[in-house]
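This report refers to the structure that appears directly beneath it.
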There are 2 protein chains.
Amino acid sequence: MLIKIICGQMNIIPGRPDENYKRILELINTAKDKQADILLLPEMCLPGYLIGDLWEQQTFLDDCHYYAERIIDASQDLCIMFGNVAFEKNKLNEDGRLRKYNAAFACQNGKLIGGYMGRSFIIKNSLPNYREFDDYRYFYSLQKLCAEENAVVSEALQPLQLTIKGQTIKVGLMICEDGWTENYHLNVPQTLANNGAEILFNLSCSPYSLGKNKKRNKLFSTQAKAAGIPLVYCNNVGVQNNGKNVFTYDGCSSAYNADGTLVSSAEMYSTTILECIWDTETGCFVGENSIAPLPQEPESIYKSLRYGTKKFLEQCGIRKMTIGLSGGIDSAITAAMYVDILGPENVLLINLPSDYNSETTKNIAYNLAKNLGTNYAVIPISLSCWITEEQLTSTPILDMGTGEESHLLLSNIVKENIQARDRGARIIAAASAAFGGAFSCNSNKAEITVGYCTFYGDICGALAMIGDLWKHQVYALGRYLNEHVFQKEVIPEEIFTIRPSAELASSQTVGTGGDPLIYEYHDYLLASFVENWHKTTPADILRWYKAGTLAKELGCSEEIINKTFLTPGELIADLERWWKLFAGFSVAKRIQAPPILSITKRAFGYDHRESQLTAYFSREYYQLKKELLQ
Amino acid sequence: MLIKIICGQMNIIPGRPDENYKRILELINTAKDKQADILLLPEMCLPGYLIGDLWEQQTFLDDCHYYAERIIDASQDLCIMFGNVAFEKNKLNEDGRLRKYNAAFACQNGKLIGGYMGRSFIIKNSLPNYREFDDYRYFYSLQKLCAEENAVVSEALQPLQLTIKGQTIKVGLMICEDGWTENYHLNVPQTLANNGAEILFNLSCSPYSLGKNKKRNKLFSTQAKAAGIPLVYCNNVGVQNNGKNVFTYDGCSSAYNADGTLVSSAEMYSTTILECIWDTETGCFVGENSIAPLPQEPESIYKSLRYGTKKFLEQCGIRKMTIGLSGGIDSAITAAMYVDILGPENVLLINLPSDYNSETTKNIAYNLAKNLGTNYAVIPISLSCWITEEQLTSTPILDMGTGEESHLLLSNIVKENIQARDRGARIIAAASAAFGGAFSCNSNKAEITVGYCTFYGDICGALAMIGDLWKHQVYALGRYLNEHVFQKEVIPEEIFTIRPSAELASSQTVGTGGDPLIYEYHDYLLASFVENWHKTTPADILRWYKAGTLAKELGCSEEIINKTFLTPGELIADLERWWKLFAGFSVAKRIQAPPILSITKRAFGYDHRESQLTAYFSREYYQLKKELLQ
């Protein structure tokens, strides 16, 4: 028998069961038009997934239940499997709130088909609680329920039996993480197969990150092969956020044959459907393979940033963007991306020169704006900074106890920060409000990692679009934009060659000085602190340095290390400087930073959680330092 | 036999096992000097508890292990029970990282005494994953371990057997949440008692919140009584933070007799010890009862804010504070608190008048500074705001595509926000850096709930000290400061009587207009959205309003509701206005807000997690609205 399965790769709007229900109805109609037997819909397709503590609102949950009932009503002549929150009013979660499950419902001809543990829904067993995921905060796992009701998980995981065209088939239905078997002691897909499943369905709401699709294809392919049955993966598109992080959902719904072959996949970031026809006799999918291509860096970065920014702005109702344009690479790439996303008429670029800005960067800014054909203004900040300095130093501070007067003195760093805040908080924030819409944060991940930015100056705005990109990725994105998006030199070539500089003091002007970060080394050093699954610490760095494997471990060139640090003492001083900032004061800045569009496997925010602490150096570190300095 | 038990109510420094070890050694010496038999130390007393993803650093964990070994070495002639992270290098957590447990170690004469599941430590079973807690993110629970190793939790929970003065006693050792039995299906203290424990020890790292001690006393008393054995609770002091929230730890270590009586407790927020002598024959504690008093509001609020702010500033190395002083209640209370905490010489108050500020509030600011005997300056913002407006409106915006020029227009709201940012980002941020130290965020919880504040204007600074206080709590704290702390009218009486106003426009001056929030009602309405364990939504409000129980449900006066809303339509319009802000744009502001000193059972930040979404109104809400408007 041939069974037609359709994955509804829908755009889920988080927190809007009413809106999502409308889309689901459309998909049901499409599936019926196409005479599908089974329609798969993603995990949490009614409520959305990353909705914070909205899970605690009963009236919201009631609506999720209401719309689920309407989906069941609409399942005449179609089997629909969809993810939703399930709750039981006679039970409590461990926090004393309503018992909730991350669940999937299967229905057909107006009725629910079955579930686990006597329920009419299946329950997610593997609750992810790492990165941005907080599943245990809200949901009771199948494992906990089994413990509570004295049952065994591997027995509870029974395939659903459904009848299609008079024939009974057994479906192993699972939810997202249940398919990510690597580190859970119970393998859900294998258990479902052992219990008789003839096909596996994975309903997901799985965010994109660089390299994840490759990993998923490998893992799911292995699972299908190990279980000896086909597997269909249904994922959503759209953006969802956890406050500090904005994640894109790339869809990429896929079907794998029983031998592990990927036979078809849906286009990335596309609101679409994936159709496949399963032959229950052979256990294989029939028809031609149709696999959507997966882009490589920097194309993948461009696509994710473009899609994520566009959708996030739409969701926030932001139609126009103002960008402070320094003439450096970060603001240039941000500006070019926004013009690409919103159109030149909806972007305002402002160059805000002080006495320290070079003709070079001012010209670059002008030329970029001209090449982009967008709105441009030059608003100098010298006068206002001078007034601020004057006010601060000339105003008497009166000691109301003694009656004595004193005056404030401004150090160089205070003067630099005055300029950054004059640009960000005084001009750009107000100009963006007057222009309509919001303004952009142009900080990259290296700057954010060490706090090389000014509170309420440049680390502010509605979204840090390139906040999860290292400097070398920013450059590569710039090259990609010129070559493939604009297909001409829109971003002036000079930007790629001048040394980055903050231009906040005479020591920081282009030509005479530059950023304290040597990106060819620090990009990789800092990435090891943040992104390595087993976090790198200063002791690791010194151990690798001593063993002569530092460049290899970090993935940077041997040459840049040797050129930058002539002695172990220099490397150690540099390491301590940045580690102290990374683990210390920069945390305070990140706490108040804008949301970051997240594309790596570790972005600052809910994905990489931090407390304000003093930087810690381990015993091993001090020992290695002593040895290296001897 | 008499057994002397000492609780080391130590100040844990999060993320510093080296420093904590030093304190523990001192406590071990104290215990030995006092000839104690057992020394109890808090949960996670070496690493600290709220340390974010620092748990992922192996060299940090190695040091926690190293110092634990040194504690064991120091246990000659003393039984020490302490909380620490335990890890197993041959196993993984579900995130693929090292297997870690929230554990407690018991040692005596240089050796470990035993633990659960064949380990040499006991393992926390009930992992809290609500409010600010992320235990499942880092730790494997006893329940999961039992599932993995095919064991039964209730059998794994065996008391530790130790020998004191030749006699064997059975101790039921548990970690913090294991004692909060209400909503877990397995009752750990009861199970330990069933399995033969003669006494219960609860090692905690339990943050303070208003009313929690009363609840804990009731619960732990019930447990001791139900189990029929005494219970000793050891908690730490200090502050720890999760980035967005700063929590105080109040200690309040306590001993309960087998009949549930609280017999002794240690002073709140005091680095101290609690001594108690347990008679193993009678099962009771001997000696006189010594119970430290628990303060009521507003004294409890004053103590928590003072302690929390002092410790947090110390931890961040901040010794001086600058505060923008408007003449309103929030900045006045904040200023008075900082003078109380840091001394008048370390505080700088700045009044920043525009054309809209009344003589009334300017005089109040001056008088308050005078009464506090602190540093005071007046820095007007009219000129700089005028320059900003001039620059923004006179600078041509060039459309680089068409060559056309245009100009920005500034709405009233844009002009108001320019003033707020001129104060916060242009003056206060720079002045505080020049004065040394940081500046304060003076926002209260009502403002933060609806985003009645300006990005990079007033919702910025190092700490929102009163950010978890509703307006009526701010007033009560002000009264308390005058009456009990300063014992004279330091905060001018006028502040308590004038209507709060932002003074950012001629419509908002004192006398002619005030805040849009009617705090006598909105404090309670907004609290129901945020703090009710079962979150209140607009449908609940309309349901209660229709039933005539709204005032009772919210805890405000009937009169204020009737006076404020003459028709259902007025109440509904007001409700929708604030709900849209609470669930909508204010989230964006909170994402970039400073850390909040958290004292309620629900503070914004990691305690109340939020995604940027559009505000949702439920089906029931629309139905009730329709009925009420008919």
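Values in this text are rule-based calculations from the coordinates and carry no lab data. All values reported here derive from a predicted model rather than from experimental measurement. With ideal geometry, Cβ positions are generated from the backbone for all residues, glycine too; neighbour counts draw on all protein chains shown.
Tabulated values for the structure
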quantity	calculated
Whole-Hz ³J(HN,Hα) from phi, Karplus 6.51 cos²θ - 1.76 cosθ + 1.60, for the stretch B:153-163, glycine and proline x	4, 5, 8, 5, 7, 9, x, 7, 9, 10, 10
Exam field: A:N289 pseudo-label spacings to other copies (7 Å along Cα-Cβ), nanometres	7.8
Potential lengthening between A:E149 and A:N109 on full extension [0.36 nm per residue; Cα-Cα distance subtracted]	11.3 nm
Span from the the stretch A:60-88 Cα centroid across to the the stretch A:443-490 one, whole angstrom	42 Å
Net charge of Cβ neighbours under 13 Å - reference A:A502; Lys, Arg +1; Asp, Glu -1	-3
Cβ-derived FRET efficiency at R0 60 Å, A:K370 paired with B:K218, nearest 0.05	0.25
Relative contact order computed over chain B (Cα-Cα under 8 Å; 6+ residues apart), in percent	11 percent
Inter-chain shielding of B:236-246 (mean C-beta neighbours from other protein chains, 10 Å cut-off)	3
Spacing of the two label points (7 Å from each Cα toward its C-beta) at B:N412 and A:E345, in nm	3.1 nm
The stretch B:405-556: relative contact order in percent, alpha carbon pairs under 8 Å with at least 6 residues between	16 percent
Distance (nanometres) between label positions extended 7 Å along Cα→Cβ at A:D33 and B:D33	8.4 nm
Cβ-vector label at 7 Å, A:Q161, separations to other copies in nm	5.1
When each of A:K111/A:K165; A:K546/B:K100; A:K244/B:K589; B:K124/B:K144; A:K214/A:K244 is checked by Cα-Cα distance, pairs over 18 Å	A:K546/B:K100; A:K214/A:K244
Total formal charge among the other residues, if their Cβ is under 13 angstrom from that of B:G401, Lys/Arg +1 and Asp/Glu -1	-3
Amide H partners (placed H, <5 Å) of B:G467, local residues excluded	B:L597
Three-way shape call for the protein assembly as shown based on the alpha-carbon gyration tensor, with the a/c threshold at 1.5	rounded
Ranked by how many other beta carbons lie within 10 Å on average, peptides A:398-408, B:426-436 from highest	B:426-436, A:398-408
Cα gyration tensor shape of the stretch A:2-294, rounded if a/c is under 1.5, else prolate or oblate by comparing a/b with b/c	rounded
For the stretch A:279-298 and the stretch A:151-229, distance of Cα centres in Å	17 Å
Peptide ranges B:43-49, B:491-497 listed from the most packed, as the mean C-beta count within 10 angstrom indicates	B:43-49, B:491-497
Difference of contour (0.36 nm per residue) and Cα-Cα distance, B:T549 to B:V286	89.6 nm
Highest average packing first - A:119-128, B:141-150, Cβ atoms within 10 Å	A:119-128, B:141-150
Förster-model FRET efficiency, 30 Å R0, A:L628 and A:W533, C-beta, rounded to 0.05	0.65
Simple Cβ-charge dipole of the protein assembly as shown, Lys/Arg +1 and Asp/Glu -1, about Cα centre, in debye nearest 20	1300 debye
Spin-label zone in the stretch B:299-332 - amide nitrogen under 20 Å from a point set 7 Å from the Cα of B:E493 along the C-beta vector	B:327-330, B:332
Average Cα contact separation per residue, the stretch A:493-630, under 8 Å, 6 or more apart, as relative contact order %	24 percent
Local electrostatic count at A:L628 - Lys and Arg +1, Asp and Glu -1, tallied over other residues with Cβ under 14 Å	-2
Chain B - mean residue ellipticity at 222 nm from DSSP helices (-39,500 (n - 2.57) per run, n ≥ 4, rounded to 500)	-11000 deg cm²/dmol
5 angstrom amide H check on A:N93, placed H, neighbours 5+ away	A:L98, A:R99, A:K100
Cβ neighbours within 10 Å from other chains - mean over B:398-409	5
Estimated FRET transfer efficiency when R0 is 22 angstrom, pair A:S120-A:T163 (beta carbons, to 0.05)	0.85
Pair B:T402, A:E88: separation of 7 Å Cα→Cβ label points (nm)	6.4 nm
Shape metrics for the stretch B:518-630, restricted to C-alpha atoms - Rg then Dmax, Å	14.5, 45
Shortest-first distances to equivalent copies, position B:N109, nm, label 7 Å out along Cβ	7.5
Averaged over B:456-462, number of beta-carbon atoms from partner chains that fall within 10 Å	4
